Amino acid sequence: MSCRAMQGRTCAGSLRASRRVFALALLGCALGCRAPADPGHTRPQAVRTTPYTQRDITVLGLRLRYIDDGPTMPARRDRVVVLIPGHTSRIEEYDGLVPTLSRMHRVLVLDFPGSGYADKPERDYTLRFYEDVLVAFLDELGIGQCVLAGGSLGGNLVLRLGHRFPERFPRLVAWAPGSAWEAKPRLAALSRALASYTLFWPTVWIQSRFWYSEDWPGRSRALEDTFAYYREVLSPGFVRMYWGMAADQVGQSLFPIAPEIQQPTLLLWGDRDNGANMGEGVARLHRLLPHNEFRIFRGARHSLAAEVPDRLSESIDEFLRRPASLMP
């Protein structure tokens, strides 16, 4: 079957799934169900926990959890890379990347508000809010310049922050970034209007079908771990974050700002990741970004940090170490 035909089947399947979701949304609105009370966990309880030392920091009045790993030599501590997790994700998403990257770089990973084991206030969640949190986090740690890297929502934030603060973030790494599509403000508004706790679980189930390749050996275990984590942290604030960040990404596009991002950028994609036309979107970003290098991971889907952590971390590490004269 051709790629076009396969993408057509994917789009048709997504449309049917969307209709089911909207039907469930109406039911959810009618029932008026509410997420359980915030359990207030500051550390993982019965799910996989990062092997790295977990720390807490207060940023913009909110407690965040983060890790800070890397070489002890002062000269190397100045080489900082910040890994930004994906939508609803947490520090543990990038545990497989830290060993390689921390050999020569100080590696920071944080849980953003509403997600992971950070505070989860009931408030509006937007891309701009997360950008401000990341900048305030770096300010609190006294970090000036650093490299940003991340996938999905993380990749979206990498490119947005790189555009907003070009001097502060001299190199960028993004894989399968959210908003690699034309802005859909009406769909975003509909998502906000229909958002409910009742709709959370069926929507996540549909999304999870596109996270990992079906033949990846770790797929079942990764899904079980993710759903167990959701059950552990589920709260009204988490649900507000889920719908708010999803809607804001749907309602915006990276395409208008991409030509203005001048930093060297490493753009990555798994060739089985075609949900929401991600393949076409990343290819378009590749054409629009003035100074980028595009690498494709064969046989991988959306969650590169889980499916191919060694290949991904080695690609990032090589890009970070490369002399400026050899940058794209």
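Values in this text are rule-based calculations from the coordinates and carry no lab data. Computed from a prediction, not measured in an experiment: that's the story for all the values here. Ideal geometry is used to build each Cβ from the backbone, glycine not excepted, and the neighbour counts take in all protein chains shown.
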How big is the dipole moment of segment 154-249 about its Cα centre under a simple scheme where the beta carbon of each Lys and Arg is +1, that of each Asp and Glu is -1, and everything else is neutral? Debye, nearest 20, please. 320 debye
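Given the convex hull over the Cα atoms of segment 205-253, what projected area results after averaging over all orientations, in nm²? Don't skip to the end; give the middle numbers.
Details: hull surface 16.9 nm².
Orientation-averaged projected area of the Cα hull: 4.2 nm².
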Whole-Å distance linking the alpha carbon centroid of segment 173-252 with that of segment 53-129 is 20 Å
I'd like the Kirkwood hydrodynamic radius of the chain, using the inverse of the mean 1/r over distinct C-alpha pairs, in Å. 20.1 Å
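Would you mind ranking PHE297, PHE112 by Cβ crowding within 10 Å, fewest neighbours first? Please list the in-between numbers first.
On the way: PHE297 20, PHE112 29.
Going from sparsest to densest Cβ surroundings: PHE297, PHE112.
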Once Lys and Arg get +1 and Asp and Glu get -1 on their Cβ, which of VAL204, PRO185, ALA228 lies farthest toward the positive end of the dipole of segment 184-240? PRO185
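Remind me, relative contact order of segment 140-247 in percent, using alpha carbon pairs under 8 angstrom and six or more residues apart?
Working: 81 pairs, mean separation 24.8, N = 108.
With pairs under 8 Å counted, the relative contact order is 23 percent.
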Give the percent of DSSP beta bridges with both residues in the chain that are antiparallel, rounded to the nearest 5. 30 percent
What is segment 19-326's relative contact order, in percent, from Cα pairs under 8 angstrom and six or more apart in sequence? 23 percent
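Quick check for me: using +1 on Lys/Arg Cβ and -1 on Asp/Glu Cβ, what's the dipole size of the chain about its Cα centre, in debye to the nearest 20?
Numbers: 41 positive and 34 negative charges, 144 e Å.
Dipole about the Cα centre, nearest 20: 700 debye.
I'd like the per residue volume of the convex hull spanned by the Cα atoms of segment 53-105, given in cubic angstrom.
Value for segment 53-105: 97 Å³ per residue.
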So for segment 176-275, using the alpha carbon gyration tensor with a ≥ b ≥ c as root eigenvalues (a/c under 1.5 gives rounded; past that, a/b versus b/c decides prolate or oblate), I'd call it oblate
Along the three principal axes, how long is segment 132-184 when you take its alpha carbons, biggest first, rounded to the nearest angstrom? 36, 19, 16
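Return the Rg/Rh value of segment 121-220, two decimal places, where both radii are evaluated on C-alpha atoms and Rh is the Kirkwood radius.
So for segment 121-220, dividing Rg by the Kirkwood Rh gives 1.03.
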